[in-house]
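Have a look at the structure below, then the notes.
The values are calculated or read from the model by the stated rules, or taken from the named source; none is laboratory data. Since the model is a prediction, treat every value here as computed from it, not as a measurement. Cβ sites come from the backbone with ideal geometry, for glycine too, and all protein chains shown count toward neighbours. SASA here: full protein model, heavy atoms, side chains in, ligands and nucleic acids out. Shrake-Rupley method; radii C 1.70, N 1.55, O 1.52, S 1.80 Å.
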Amino acid sequence: MSEALKSMLRALFLERYAQFRRHLQNRLGSEDLANDALHETYLRVESMNAPAFIKYPSAYLYRIALNIADDQRKSNARMLSVPEIEGLYELADELADPVRTVEVRAELAALEQALAELPRRRRGIVIAARVDQLPHSEIAQRFGVSPRTVEKELRAGLEHCCERLGKDFVQRYGPGAGKPSK
């Protein structure tokens, strides 16, 4: 943008500041939003690279202010309101409970111990299926076994881990799904 055009826009902006503010306030319904938009408009005019010629400079400045106000409104819509923030403070954080933290750590250590007790291939299959969430066909290829062997090894590994953790093994898929093991 030429310095002459920038100077002309700056002078026009300052000359019609009150008019711009009144129009924006009526259009936006908020004095604060209008003032913020005008402040940002001035800063944008100072740093912008606009075309060499502007046919309607007053309308150009007003449109910049409206676009800025619209952007600010959208940005503010993504923020939480005060009641929403207060509601979040009232939620109890179960994970922050020291007793729960100790219980979870102990259970995790027991699971690691149970996994360590498994044969290497079975442990690898359990981790691939439950941690990496790989499909049985891919696990079968990785270990050079059939998908049926993967199912058997996975079931045996999970039953072992459940037994060590004192939990019931519940099959999620296939025959007997949803029933605890005996």
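Between Val150, Val145, which is hydrophobic (A, V, I, L, M, F, W, C), under 17 Å from Gly124 (Cβ atoms), within 36 Å of the chain's Cα centre (by Cα) and modelled with pLDDT of 90 or more?
Residue meeting the stated conditions: Val150.
Quick check on Arg100: is it surrounded by 12 or more Cβ atoms within 10 Å (Cβ to Cβ), basic (Lys, Arg) and at pLDDT below 90?
Considered against the rule, which asks whether it is surrounded by 12 or more Cβ atoms within 10 Å (Cβ to Cβ), basic (Lys, Arg) and at pLDDT below 90, Arg100 comes out as yes.
I'm checking my understanding of the structure. Among residues of the stretch 113-126 that are open to solvent by less than 60 Å² (accessible area, probe 1.4 Å) and free of Cβ contacts under 8 Å to residues at least 40 places away in the same chain, which one is nearest to Cys162 (Cα to Cα)?
Selected residue: Val126.
Could you list, in sequence order, the residues of the stretch 155-182 that are within 20 Å of Ile139 (Cα to Cα), at pLDDT below 85 and not small (Gly, Ala, Ser)?
Gln171, Arg172, Tyr173
Starting from the stretch 21-40, take each residue that is open to solvent by less than 70 Å² (accessible area, probe 1.4 Å) and list its partners that are of a type in the set (Asp, Glu), counting only C-beta distances under 7 angstrom and pairs at least six apart or across chains.
Pairs that qualify, where the first residue is open to solvent by less than 70 Å² (accessible area, probe 1.4 Å) and the partner is of a type in the set (Asp, Glu), are Gln25/Glu31.
Every residue, every condition in (1) within 31 Å of the chain's Cα centre (by Cα); (2) more than 24 Å from Gln25 (Cβ to Cβ), yes or no:
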residue: Lys55; (1), (2): no, yes
residue: Ala59; (1), (2): no, no
residue: Arg63; (1), (2): no, no
residue: Ile68; (1), (2): yes, no
residue: Arg73; (1), (2): yes, no
residue: Asn76; (1), (2): yes, no
residue: Glu86; (1), (2): yes, yes
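For the structure I just gave you, tell me whether Ala52 is of a type in the set (A, V, I, L, M, F, W, C), at negative phi and modelled with pLDDT of 80 or more.
Judged against the criteria, Ala52 is not a match.
Could you list, in sequence order, the residues of the stretch 17-32 that are modelled with pLDDT under 85 and among the aliphatic types (A, V, I, L, M)?
If the condition is that a residue be modelled with pLDDT under 85 and among the aliphatic types (A, V, I, L, M), then Leu28 is the only one that fits.
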